[in-house]
Amino acid sequence: MLRAGQLNLHYSVLMVLIGLACAACNALPFYFLASHLGLEPLSDIHWVRYLIVAASFLAFANFRQLVTARNIWWLLGRGIARWIWVLLTALLGLIYIVHDTVISPDTGRLVTAWIAIALPLQLLCLIAGRGVIHRVNNTAVNRRKVVFFGMGPQARTLYLRLQRSPILGIEVVGYYAAAPMPADANGTTCMPTYLGPQENAWPRIKANEFDMVFIQPYGYYGQELGPRVFDRLHDSTASIYMVPETRWAEDVTLSSIEIAGIPLLAIHDTPIIGVARFFKRLMDLLLGGLALVLLSPVMLITAFAVRLDSPGPILFRQIRYGERGQSIHVYKFRSMYVDDDGPLRQVSRSDPRVTRVGKFLRRTSLDELPQLLNVLAGSMSLVGPRPHAVAHNELYRQQINGYMLRHSIKPGITGWAQVNGLRGETDTLDKMQRRLEYDRYYITHWSLSLDVRILFITVWTVIRGNNAY
């Protein structure tokens, strides 16, 4: 039975070899440079080399983008981001393991020379590894021919990605359907070759001309599968895959999971359960408490500034939706004049309701600092989907399919959408749709490392002050 996230042995071995090659590209230059500078036999610096080996292997032995990336420059950018962790590991090793030599001029020359040599070698290793995988997958014995039964939106997306990913060694022959599929709503006509109705497939299926077959379980646009399709496919040697082609899953990213030994397709789920939930809460308490202590002088000064700038309370309290749609009270420093008249509307650029101090607070996001109290109380997290006003939630849940799924977890002070530039006013439905897509990505792909990454990026984003007003 296929398990969720299972990798076949072919790609597992290739990725292990890539990880070993990357470890060599980083560790060998470090060894030769340390020996050349006379550092290798005089200290515990060899332990740093072992750390580099381990960090390089862990960083690149599971580097799936090496196969899935369709743009080499994007791939190299992701490779550099992973290599930075190797660099940080080496620096921490020098500081904590061989701290007696870290102040040596030779150590500085070692690190500088190693970076200048190891990083280019690392990138060349990734390019070479990608080339090797491409060559292996496209040999005569490994190249596979695939055919589709039916051609809905998911199947079309799969076809386009296969066309842009020759590294996979998969050749799309065409598709069978009752009739050729029309262009989509955007006028896109990029389609595989139409091979005719299903009956035309059986002689070729019986002759084992295809290595892979993609079928849809319930049909799409009336493309129902015949009653004997599975019987005929089982009488072939092709690998058979189901494309989850249903209207209710058009805009949803599906993933496979297993519950009680039964494989399922998850339309929406989150890994923030059990132990993972405990560690996320622990990080909220530790970092949230530390931030509250360190930023308390800033919060005190901000409170005085808000009080002196305009009449009204220092803190603004508003009911918002929390985890599972439960109502919570969210705190902020008041950045607007007190006005209970008129319907609730989002703050826009140059909004006259914003006070003089409020403009600075919103631009620097200092108005959000009281939400650290929400984090410590447990109603919010440091990282998560940003909570919106109740009126806005009720509006968008009627207009955007799946909007309320963003409330599957606790809301956060910052989030994946915010560090990707989706801050400030959502004055169009498209902006809110994009924010929802990033929120749902975070919910389904959560990890502690992703939280740390978002927190680091948030600091830089706040400094720049983009889209906040």
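Summary table
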| item | result |
| --- | --- |
| Accessible-area composition of the range 91-184, carbon plus sulfur, in percent [1.4 Å probe] | 65 percent |
| The range 13-161, accessible area per residue, ligands and nucleic acids excluded (1.4 Å, Å²) | 51 Å² |
| By average C-beta atoms within 10 angstrom, highest first, the peptides 87-96, 379-388 | 379-388, 87-96 |
| Area of MET15 that stays accessible when all protein chains are in place (1.4 Å probe, Å², to 10) | 10 Å² |
| Three-way shape label, the range 399-447, alpha-carbon gyration tensor, a/c 1.5 | oblate |
| For the range 361-436, convex hull of alpha carbons as volume per residue, Å³ | 94 Å³ |
| For SER335, residues with placed amide H under 5 Å, excluding near neighbours | none |
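The values are calculated or read from the model by the stated rules, or taken from the named source; none is laboratory data. Note that this is a predicted model, so its numbers are computed, not measured. Positions of Cβ are generated from backbone atoms using ideal geometry, with glycine treated the same way; all protein chains shown enter the neighbour counts. With ligands, DNA and RNA removed, areas are computed over all heavy atoms of the protein, side chains included. Shrake-Rupley method; radii C 1.70, N 1.55, O 1.52, S 1.80 Å.
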